[in-house]
Amino acid sequence: MQPPASPLQDPERHPALAAYCRYVDRFNGWIGWLLGPMIVFVSAAIVYEVVSRGVFNVATSWVNETVIYGSSAVYLLAGGYAMLHRRHVRIDLVLGSISPRAARLLEVITLPFLLIYALALIIAGGDLAWASMIQAEGTGSPWNPRIWPIKMCIPLAGVLLILQAFANLFRDLGLAPAASGPETAA
């Protein structure tokens, strides 16, 4: 590992940023750990529906919405976890052909676009979730579960993305130590 380029980039000079990165990493790691079993549950619900319909010719009224809700929650809330492990959507073809320093610079340059996206999730998603909660919005199906818990995942996803984006930024700029430990192993 090479020394930081300047005293400002010495991670030991910024213990608050290092603590911030640790806490954000742990929180997004915990969210990912929590969401993992949801994939198993969603898969089991799909198998249950297939067997119920195919073998017993009995349809369920709850499986379709349960699968959509569970999959939506995982898709939305796992964004921060994916960023923690640097597995978010990016152009690996480009990043793989440039130096690590240039790749970090490209990550910094694209940060404003990520922030715009995440802020849109927070603002628009927050408005949608709030309206859904106030109206006690349901799906209109015979089961009719409330929609607001899933809609609340939209602004929460934006918050998790922003928190992890800044943790990654502080590391990319050399202001915080590199991620380590089992919660950040890729």
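Points worth noting:
- Identity of the residue in region 54-91, touching a helix residue (DSSP H, G or I) at 6+ places or on another chain (Cβ under 9 Å) and of a type in the set (D, E, K, R), that ends up farthest from residue 27 (Cα to Cα): 90
- Selected residue (only one of 19, 45 is hydrophobic (A, V, I, L, M, F, W, C), in a helix (DSSP H, G or I) and surrounded by 13 or more Cβ atoms within 10 Å (Cβ to Cβ)): 45
- Screening residue 56 against (1) outside any helix (DSSP H, G or I); (2) closer than 20 Å to residue 173 by Cα; (3) modelled with pLDDT of 90 or more; (4) of a type outside the set (S, T, N, Q) leaves a single unmet condition, (2).
- Filter pass, residue 105 being among the aliphatic types (A, V, I, L, M) and under 21 Å from residue 171 (Cα atoms): yes
- Residue 132 satisfies every condition listed in (1) in contact with a Gly (Cβ under 6 Å, 6 or more places away or on another chain); (2) more than 16 Å from residue 75 (Cα to Cα); (3) small (Gly, Ala, Ser) except (1).
- Residues of region 70-104 that turn out to be aliphatic (A, V, I, L, M), part of a helix (DSSP H, G or I) and either loosely packed, with under 14 Cβ neighbours inside 10 Å or touching a strand residue (DSSP E or B) at 6+ places or on another chain (Cβ under 7 Å) (or both), as a count: 3
- Test: residue in region 132-147 that is loosely packed, with under 15 Cβ neighbours inside 10 Å, in a helix (DSSP H, G or I), over 21 Å from the mean Cα position of the chain (by Cα) and modelled with pLDDT of 90 or more: yes
- First in region 103-121 and among the polar types (S, T, N, Q), second anywhere and surrounded by 13 or more Cβ atoms within 10 Å (Cβ to Cβ) and not in a helix (DSSP H, G or I), Cβ under 9 Å, 6 or more apart: 110/90
The values are calculated or read from the model by the stated rules, or taken from the named source; none is laboratory data. Everything numeric here is computed off the predicted structure, so don't read it as measured data. Quick reminder, even Gly has a Cβ in these numbers, built from the backbone with ideal geometry, and neighbours come from all protein chains shown.
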